[in-house]
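One structure is given below, encoded as C-alpha cells.
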Amino acid sequence: MNILLVGSGGREHALAWKIAQSPLLTRLVMAPGNPGMEGLGDLRPVKATDVPGLVALAQEMTADLVVIGPESAVEAGLADALAAAAIPCFGPSRTAGQLESSKAFTKAFCERHGLPTGAYVVCDEAGAAKAALDRFSPPYVIKADGLAAGKGVVIAATRAEAEAAIDDTLGGRFGAAGARVVIEEFLEGEIGSLFALCDGTHSLVFGHAQDHKRAYDGEQGPNTGGMGTYAPAPLFTDDLIDRVRRELAEPTFAAIAAEGAPYRGVLFVEFMATRDGPRLVEFNVRFGDPECQVLMLRLESDLVPYLAACAKGQLDRLPAPAWRDEAAVCVVMAAQGYPDAPVAGAPVTGADQAFGDGVVVFHAGTARDADGTLRAAGGRVLNVCALGADFPAARQAAYAAVDQIDMPGGFYRSDIGWRALNR
Ligand code: GLY
C-alpha cells in the first residue's frame, strides 16, 4: 500500500515508526514530517492544513490511504476533500471533528444524547461569564471553545484566577479559538485516555493510557498538551474499559452517525473516573499526543489493517488488536518556556544514539541544520519512550535514556507514572 501520513509531531513519528513495520507497506510519504522521521519514508514539505496541497500529493503518489495525525487537518476539512477525490482516509470529517474543535458543540451534543459529563455554561462576553461562575464552586474549569493545542484550559483555584482566565481567553490569547469560553463543573476523580476506532458503523476499543497534563512535577504549573504517558495504567480495569466503551464511545458513534456525520477514525475519550462512573472530560478526534507513543510501542498487531479498515467501513472484519505484555512509558523533553513561550534553537545532543532494546526516541518539535545539528523547534521537543517487563523497568529505561540527552534550558517531569508507582 502507498500511505500518506499527515502531521509532524511525536504522535506522527510514532505512527510512522509503526506503519513502517507493516508488511503491507509499499511506500510511506510523510507531510510535512520531522527530522526524526527521515529514514522511515519520504518527507514532503506540505503543511497539515494545506488541504489542496495534500490532496494533490495523495493523487501524485497514488495513495491507497491517507492517515490524518493532527486535529488541525481535521478542522481544515482534509477528510472531506479526500472523500470528494475518492481517496480512502483515516480521520473524521470536519463536521464530526467538531467533537474536538468546539467544546461548546460537544457539551451540547452530550446534553442532546444524554452522555455523562459535567455541567457547563458557554459565554462570549466577559461580564456574563464572570456572573456564571456563581453557578459553580472552586476549582473553576475555564476553557477556550476552539482548538488551542491543549493550552486553552485553566483550572482556577480561586474566583480571581477564574476571572483572569476569562479575560485572558475572551481577550484574544487564543485568537478565534477563544471567541467563546466554556465554564465547566470540576469533576473529581482520576483521569484516563481511552481510544476507540470507528469505520462509520462498527467500532472497537484501541488502547488506553494515562497522561500528565501539568507542566511540572507534582501536577503543578500550567496545562500543556501532555508531559508524559504510560500504559497500561492500573486505573483501566476491564470493568472501567467496558463502561467507557458502552457509556461514552459507542453512544457517541451512534449519535454522530444519526446526526448525519458518521465517524471514521480514532476517537480519544478523555474521561474522569468519578465515584458515579466515567464522565466525559473532552473528546479529541485523533490519537493522543503523547498517548499514541506508548500505544504504538505496546501494539503487537499490524497497525495498517486497522487504519485501512476504518477508512473502508471494514472494521468488523478485524479481531481486537493484540498488545504486548510489557509496560510502556513516555517522557516528554520540553523546550525552555513551554507551554507559554517556548524558546527555539537550543542544540539537542544525544537523541540520535542507540539506547538499547525497547527504547525509542520520537521527535516532536525538532529541526536539523544543514550541518546535521539537531535543534529544539517546538514546545515539546522529544518523546523518550521505553518498553519494560513491568512499569518500574520501563520507567527506569526511559529516564536512563533521558539522562543521556542534552538540551540546554530544556526540562522534563521526573514523576511520570507516579500514580502507578504509588499503587
Ligand atoms: N495528550 C493529550 C492530547 O493529545 O490532547
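Counting 0.36 nm for each residue step from Ala320 to Gln396 and taking away their Cα separation leaves a gain of 24.4 nm. Sort region 17-166 into rounded, prolate or oblate with this rule: let a ≥ b ≥ c be the square roots of the eigenvalues of the Cα gyration tensor; rounded if a/c is under 1.5, and if a/c is not under 1.5, prolate when a/b is larger than b/c, oblate otherwise. Judged from the Cα gyration tensor, region 17-166 comes out prolate (a/c at least 1.5, a/b above b/c).
Rounded if a/c is under 1.5, else prolate if a/b beats b/c, else oblate: with a ≥ b ≥ c from the C-alpha gyration tensor eigenvalues square-rooted, which is region 334-397? Judged from the Cα gyration tensor, region 334-397 comes out oblate (a/c at least 1.5, b/c at or above a/b).
Taking the DSSP bridge list for the chain and keeping only pairs wholly inside it, about 80 percent are antiparallel. Electrostatic tally near Arg264: other residues with Cβ closer than 13 Å to its Cβ, Lys and Arg +1, Asp and Glu -1, net +1. Across region 260-268, computed HN-Hα scalar couplings (Karplus, 6.51 cos²θ - 1.76 cosθ + 1.60, θ = phi - 60°) run x, 10, x, 8, 10, x, 10, 10, 9 Hz from first to last residue, x flagging Gly and Pro. Placing a pseudo-label 7 Å from each Cα along the Cα-to-Cβ vector at Glu259 and Lys47 gives an inter-label distance of 2.8 nm. Gly97: net charge of surrounding residues, Cβ under 10 Å, Lys/Arg +1, Asp/Glu -1, itself excluded? Charge balance in the 10 Å sphere: -2. What relative contact order, as a whole-number percentage, does the chain give when Cα pairs under 8 Å and 6 or more residues apart are counted? Dividing the mean separation by the residue count of the chain yields 16 percent. Amide H contacts under 5 Å for Met61: none, restricted to partners 5 or more places along the chain or on a different chain, H placed in the peptide plane at 1.01 Å from N. Which FRET efficiency, nearest 0.05, do Asn422 and Asp242 yield, Cβ-Cβ r, R0 30 Å? Rounded to the nearest 0.05, the efficiency is 0.75. In terms of its C-alpha gyration tensor, the chain comes out rounded, because the ratio a/c of the largest to the smallest axis stays below 1.5. Helical runs assigned H by DSSP (4 residues or longer) give the chain a calculated mean residue ellipticity at 222 nm of -7500 deg cm²/dmol, each run adding -39500 (n - 2.57) before division by the residue total.
Computed extension length for Asp403-Glu38: 129.0 nm, one decimal, from 0.36 nm per residue of separation with the Cα-Cα distance subtracted.
Of the residues Pro408, Pro278, Pro32, the one that moves most in a GNM of the chain with alpha-carbon contacts below 10 Å is Pro408. Taking amide H as placed 1.01 Å from N in the peptide plane, the amide H of Leu382 sits under 5 Å from that of Met333, Ala364, Gly365, each at least 5 places away or on another chain. Summary of the geometry: region 304-358 and region 149-184, compared by the centres of their Cα atoms, lie 29 Å apart. Annotation for Lys130 and Asp371: the two label points, set 7 Å from Cα along the Cα-Cβ direction, are 5.4 nm apart.
Taking 7 Å steps out from each Cα toward its Cβ at Arg27 and Arg173 produces label points 4.6 nm apart.
Scanning the chain for long hydrophobic helices, with DSSP H runs required to stretch 24 angstrom or more by C-alpha along their axis and to average at least -0.5 on the Kyte-Doolittle scale, returns nothing.
Bear in mind these aren't lab numbers, they're just calculated from the coordinates by the rules spelled out. In this text the structure is predicted, and so the values were computed from the model without any measurement. Because the Cβ atoms are built from the backbone with ideal geometry, glycine has one as well, and the counts that use them run over all protein chains shown.
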